[in-house]
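J.: Attaching a single structure in C-alpha cells format; questions to follow.
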Amino acid sequence: MFGRWAVEFCADHELPDDALAWLIATDQDGSVSRDWFFGEVTERFGLAASVDDTWRQCRRRRPELVSCRQEVLASLTLLRDDGWTVAIVTNGQADNQLGKIRRTGLDQRVDAWAVSGELGIRKPAREIFEAAARGVRPRSAG
C-alpha cells in the first residue's frame, strides 16, 4: 500500500525519476517516525504543504489504496462457515485501520476486530488479543 501511495505521490507532484526509490528507502518499511519521514519528504521535494498536511493527505488516501486478495476473503468465509470465529488485531490509528477493514470487505468476513488506536493497547500486549476475543467490534457495528 505504501508503494501505491508513493507512486501516486510522485506522479501528483511530478517528481524526478529517482524520487520513488528515495521515498521507499527513506520509509524503511514504515519503521521510521511518520513526523520525521514527512519532514524529510517536505524538505527534499520543497513542498508548499506543511509536514502535517502532507501526512494528513497520505493518511486520508491510504485506506483507499489497500486491497485484499479474493482468495483471502474466500478463505475467511470458509473458515467462518466451518464454525471458526475470526478476529483482526491491528496496531494503528482507528480511522485508518477501520477504513482499511471496511474498504477491503474484511468487516463482512470477520466476527470482531481490535484496533490499538481505539483501545490504547498495542500488539503484542495480551490485552488487545483478549479484547478481540471478547468481540470488541462485532461486524454488525457501523
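J.: Could you tell me which trypsin sites (Lys or Arg not before Pro) in the stretch 14-94 are loop residues by DSSP with no more than 13 other beta carbons within 10 angstrom of their beta carbon?
T.: Values: sites: Arg34, Arg44, Arg56, Arg59, Arg60, Arg61, Arg69, Arg80; in loops: Arg69.
Answer by residue number: Arg69.
J.: Work out the FRET efficiency for Arg69 and Asp35 from their Cβ-Cβ distance, taking R0 = 30 Å, and round it to the nearest 0.05. Don't skip to the end; give the middle numbers.
T.: Values: r = 32 Å, r/R0 = 1.07.
Taking R0 as 30 Å, the efficiency between Arg69 and Asp35 is 0.40.
J.: Of Pro63, Ala132, Val32, which is farthest on the positive side of the dipole of the chain, counting Cα position, with +1 on Lys and Arg Cβ, -1 on Asp and Glu Cβ, and the Cα centre as origin?
T.: My answer, from the dipole projection, is Ala132.
J.: On the principal axes of its Cα set, how long, how wide and how thick is the chain? Give whole Å, largest value first.
T.: 53, 31, 25
J.: Right, next: Under a 5 Å amide H to amide H cut-off, with H placed in plane at 1.01 Å, what residues pair with Leu47 once short-range neighbours are removed?
T.: Residues meeting the criterion, in which the H sits 1.01 Å from N, do not exist here.
J.: Give me the angle, in degrees from 0 to 90, between the Cα long axis of helix 94-104 and the longest principal axis of the Cα atoms of the chain, rounded to the nearest 10.
T.: Once rounded, one gets 70 degrees.
J.: Taking a probe of 1.4 Å, how large is the accessible area per residue of the stretch 48-94, in Å²?
T.: Working: 3020 Å² over 47 residues.
Counting only protein heavy atoms, the per-residue value for the stretch 48-94 is 64 Å².
J.: Next question, about the same structure. By how many degrees, 0 to 90 and rounded to 10, does the Cα axis of helix 34-45 deviate from the longest principal axis of the chain?
T.: Once rounded, one gets 30 degrees.
J.: With every protein chain present, what accessible area does Cys10 have (1.4 Å probe, heavy atoms only), rounded to the nearest 10 Å²?
T.: So the heavy atoms of Cys10 present about 20 Å² to solvent.
J.: Shifting gears a bit: According to a simple spin-label model (label point 7 Å from Cα along Cα-to-Cβ), what is the distance in nm between Ala48 and Ile24?
T.: 3.0
J.: Right, something else. Would you work out what percent of the accessible area of the chain, with all protein chains in place, is carbon or sulfur (probe 1.4 Å)? Walk me through the numbers on the way to the answer.
T.: Values: 4150 of 8500 Å².
C and S atoms contribute 49 percent here.
J.: Can you sort Lys100, Lys123 by 1.4 Å-probe accessible area, starting with the largest? Could the numbers behind the result be given before it?
T.: On the way: Lys100 40, Lys123 85 Å².
Order by accessible area, largest first: Lys123, Lys100.
J.: Here's a follow-up. Classify the stretch 1-51: rounded, prolate or oblate, from the alpha-carbon gyration tensor (a ≥ b ≥ c, eigenvalue square roots; a/c under 1.5 rounded; otherwise prolate if a/b is larger than b/c)? Write out the running numbers ahead of the final one.
T.: Values: a/c = 1.65, a/b = 1.08, b/c = 1.53.
It comes out oblate by the Cα gyration axes.
J.: When N counts the residues of the stretch 35-76, how does its alpha-carbon radius of gyration compare numerically with 2.2 N^0.38 Å, as a ratio? It would help to have the intermediate numbers written out before the result.
T.: Details: Rg = 15.5 Å, N = 42, 2.2 N^0.38 = 9.1 Å.
Computed over Cα atoms of the stretch 35-76, the ratio equals 1.70.
J.: Could you tell me the distance between the Cα centroids of the stretch 110-131 and the stretch 1-51, to the nearest Å?
T.: Here the two parts' Cα centres lie 29 Å apart.
The values are calculated or read from the model by the stated rules, or taken from the named source; none is laboratory data. Keep in mind that this is a model prediction, so the values were computed, not measured. Neighbour counts run over all protein chains shown; Cβ positions are idealised from the backbone, glycine included. These area figures cover heavy atoms from the full protein model, side chains too; ligands, DNA and RNA do not enter into them. Shrake-Rupley method; radii C 1.70, N 1.55, O 1.52, S 1.80 Å.
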